[in-house]
Amino acid sequence: MPSVSFLWKYIYYTQNSCHGVCLLLPKSYRAELHSTRWVSHFPAPRIDRIIEINIYQSKMVKVWFMDNEQKIDQRLEHHRSPPAYLELPELYQKTGVEYFKINADDYQNDAILRELRAKRGYTYDDEITCSEKCLPDYANKLKNFFTEHLHTEEEIRLVLDGSGYFDVRDNEEQWLRIQVVKGDLIIIPAGIYHRFTLDSNNFVKVRRYFVGKPVWTPHNRPADDLDCRKSYLKHQAENFVQFKQA
Ligand SMILES: [Fe+2]
């Protein structure tokens, strides 16, 4: 179960054979029945039913508003004080960025990824590892990744291992930081200003997807005259209501 982590076991005792258990959980939590059994208490003539429920918490991607500290290492978290987080629906509404949780250990057979590839026509994919070892001239590469830019096509990344941050501009020009870890698939729309950085672990392995022949060219800001930028702003003004493709 890659997208959730076990949190705790809830044990419920009841003397009724017909029972119902109601658990009020936050939306990132999930409950699953683990076992149910009867136990007798001797010599007392009492029989209890024990129901064990496992509680899982979704490993949701974390998104937050960044501080404006440009002199501090880009690989640090750059939280505001106090930290200000965003839920995924808000992220989508502000930026059009989409997020999916994929089983990174068996991504070829992941149903969500298969559906995405089929629906959106991702015909190309490859793999890239970024680390001090793998990337020559690492410090400069980090700076390049972190230069604000946009693309004429979607940027689709699935993290197979390691971690990093995608920063995207919201509808008020604020930087939102999206922390990606193993199993996170993120789709950065064409025309949005964004940047990427590794975090202080300095390691990430990702699969890249593309429709047709891959175009990696970044257009550094300002690139407001490009059609993809104009189209993006139009969708943003409509809160991306007509935008979602899958
Ligand atoms: Fe990019």
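Side notes on the structure shown:
- Pick from the range 132-152, criterion touching a helix residue (DSSP H, G or I) at 6+ places or on another chain (Cβ under 8 Å) and not aliphatic (A, V, I, L, M), ranking: farthest from residue 167 (Cα to Cα): 132
- Scanning the range 164-197 for residues that are assigned to a strand (DSSP E or B) and away from the ligand (no atom under 14 Å from the Cβ) yields 175, 176, 177, 179, 181, 184, 185.
- Considering each residue of the range 212-227 in turn, none proves to be buried (at least 20 other Cβ atoms within 10 Å of the Cβ) and within 16 Å of the ligand (Cβ to nearest atom).
- Here the condition is being closer than 14 Å to residue 209 by Cα and either away from the ligand (no atom under 16 Å from the Cβ) or in contact (Cβ under 8 Å) with a residue 24 or more places away in the chain (or both); of 75, 120, it holds for 120 alone.
- Test: residue in the range 153-164 that is closer than 25 Å to residue 233 by Cα and in contact with a helix residue (DSSP H, G or I) (Cβ under 7 Å, 6 or more places away or on another chain): no
- In summary, residue 231 fulfils each of the numbered conditions (1) hydroxyl-bearing (Ser, Thr, Tyr); (2) within 13 Å of the ligand (Cβ to nearest atom); (3) assigned to a helix (DSSP H, G or I) with the single exception of condition (2).
- Residue 98 being closer than 29 Å to residue 228 by Cβ and either in contact with a Cys (Cβ under 7 Å, 6 or more places away or on another chain) or within 16 Å of the ligand (Cβ to nearest atom) (or both): yes
Just so you know, all these numbers are worked out from the coordinates, no wet-lab data involved. These numbers were taken from a predicted model, which means no experiment stands behind them. Because the Cβ atoms are built from the backbone with ideal geometry, glycine has one as well, and the counts that use them run over all protein chains shown.
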